[in-house]
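Asker: Sharing a structure here in structure tokens format.
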Amino acid sequence: MSLKPAISKQIALMEKELGVKLFIRNNKRTELTEAGRRYYDFFSRYKAEMGNIKHEVSELEGVTSQTITVGILEGWDFSPWLTRVIKEFRDSHGYVDIIINYYGAKELSTMLLTDEVNLAISLKSTFDSFAEIESSNILTARKKLIYCKYNPIASKAELSPEDFVNEKFFAPWSIMDDSIVKSINTSMQPYGIRPNIQFVNNFESMVNCVRYNLGVAICDEYTGYLKDADIGALDLIEAEYVSVAIINSSTNDEVRELYQIIKDAVQGL
């Protein structure tokens with residue numbers, strides 16, 4: 001049994017939560033421990049039984065109900081248009097429940113590939129390296145440098161990104177730290193800054209480090225935390241595409257219809 005790198009963090013978190021080792025790892029392969037095998041058997045039975053019950057209930061009601069799970073890159077706020085899209089979809093698909101979960105970029109691609117997420121919205125680069133994923137660019141996201149308004153530098157007239165050259169740059173931990181380092185360096189290169197990067201557990205931790213005036217961070221214009229009264233932001237030159245994605249072999253008509261509705265809705269903004 002081999003594991004995709006992006007799943008390693010989830011395994012570590014599960015082992016911590018359960019208080020047992022689930023896997024034996026060596027250089028060539030990863031195997032379940034006896035405890036891991038028992039948990040695997042339990043959750044397999046649970047998943048199968050849940051599927052049976054859902055099917056039985058839907059037959060009782062005379063309609064096939066389903067749930068579409070939408071994964072979104074952590075930190076983003078698309079409520080100005082996504083709320084309307086979801087309402088439009090559910091008005092004509094009352095038998096479909098929609099759940100929204102937030103993930104880091106690498107986690108999000110893994111969730112989509114393993115069918116834990118049916119539809120995903122993230123940066124274009126999240127999906128580019130996977131032939132199994134069908135994606136479409138829907139928005140352009142301008143990068144932002146965020147800082148605490150209580151930072152003495154923030155009071156400077158005509159504030160610019162160059163003024164934060166000596167600040168620590170916080171970033172959310174990722175199984176692929178190199179890609180984050182590359183992205184931050186690319187964003188700051190036009191300003192002659194090679195950032196001193198400090199990784200923290202997740203996106204929210206990154207924002208709070210900025211809020212508590214411990215340093216700065218790079219995000220983009222769709223970050224919900226930009227509304228925070230204690231956080232200031234500067235536009236950067238760098239921008240990236242935002243894409244909506246599904247598995248290209250998906251035969252779920254409802255998922256494909258929601259995929260198309262999102263593409264059409266954003267074009268009309």
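Asker: Condition check: surrounded by 14 or more Cβ atoms within 10 Å (Cβ to Cβ) and farther than 21 Å from ILE153 by Cβ. Does ILE262 satisfy that?
Answerer: For ILE262, the condition - surrounded by 14 or more Cβ atoms within 10 Å (Cβ to Cβ) and farther than 21 Å from ILE153 by Cβ - is met.
Asker: So, one more: In region 202-241, which residues are assigned to a loop (DSSP other than H, G, I, E, B) and touching a Phe, Trp or Tyr at 6+ places or on another chain (Cβ under 6 Å)?
Answerer: Listed by number, the residues that qualify are ASN213, GLY215, TYR222.
Asker: I'm trying to understand the selection: among the residues of region 174-205, which are of a type in the set (Phe, Trp, Tyr) and touching a helix residue (DSSP H, G or I) at 6+ places or on another chain (Cβ under 8 Å)?
Answerer: Of everything in region 174-205, those that are of a type in the set (Phe, Trp, Tyr) and touching a helix residue (DSSP H, G or I) at 6+ places or on another chain (Cβ under 8 Å) turn out to be TYR191, PHE199.
Asker: Further, regarding this structure: Between ILE99, ILE138, which is among the aliphatic types (A, V, I, L, M), assigned to a strand (DSSP E or B) and in contact with a Ser or Thr (Cβ under 6 Å, 6 or more places away or on another chain)?
Answerer: ILE99
Asker: Here is a follow-up. If we scan region 152-163, do we find a residue that is in contact (Cβ under 8 Å) with a residue 24 or more places away in the chain and within 16 Å of the chain's Cα centre (by Cα)?
Answerer: no
Asker: Still on this model: Sort out which residues of region 224-261 are of a type in the set (Val, Ile, Thr) and touching a Ser or Thr at 6+ places or on another chain (Cβ under 9 Å), and write them in order of number.
Answerer: ILE237, VAL242, VAL244, ILE246
Asker: All but one of (1) of a type in the set (Asp, Glu); (2) at pLDDT 95 or above; (3) under 30 Å from TYR259 (Cα atoms) hold for ASP128; state the number of the condition that does not hold.
Answerer: (2)
Asker: Also, quick follow-up: Within region 214-251, how many residues are touching a helix residue (DSSP H, G or I) at 6+ places or on another chain (Cβ under 9 Å), of a type in the set (Phe, Trp, Tyr) and crowded, with 18+ Cβ neighbours inside 10 Å?
Answerer: The number of residues fulfilling the criteria is 1.
So that you can scan it fast, the table gives a plain yes or no per residue for (1) over 14 Å from ILE246 (Cβ atoms); (2) at pLDDT below 95:
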position	(1), (2)
THR69	no, no
PHE78	yes, no
ARG84	yes, yes
SER92	yes, yes
ILE99	yes, no
TYR103	yes, yes
MET111	no, yes
ALA120	no, no
LEU123	yes, yes
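Asker: Name the residues in region 154-185 that are among the β-branched types (Val, Ile, Thr) and surrounded by 15 or more Cβ atoms within 10 Å (Cβ to Cβ), would you?
Answerer: Listed by number, the residues that qualify are ILE175, ILE180, VAL181, ILE184.
Asker: Looking at (1) under 22 Å from the mean Cα position of the chain (by Cα); (2) at pLDDT below 95, which one does GLU221 not meet, given that it meets all the others?
Answerer: GLU221 satisfies every listed condition except (2).
Asker: In region 141-170, which residues are farther than 15 Å from ILE193 by Cβ, of a type in the set (Gly, Ala, Ser) and either part of a loop (DSSP other than H, G, I, E, B) or in contact with a Pro (Cβ under 9 Å, 6 or more places away or on another chain) (or both)?
Answerer: Of everything in region 141-170, just one residue is farther than 15 Å from ILE193 by Cβ, of a type in the set (Gly, Ala, Ser) and either part of a loop (DSSP other than H, G, I, E, B) or in contact with a Pro (Cβ under 9 Å, 6 or more places away or on another chain) (or both), namely ALA157.
The values are calculated or read from the model by the stated rules, or taken from the named source; none is laboratory data. Owing to the predicted nature of the structure, the values given are computational and were not obtained by experimental measurement. All Cβ positions, even for glycine, are placed from backbone atoms using ideal geometry, and neighbour counts span all protein chains on display.
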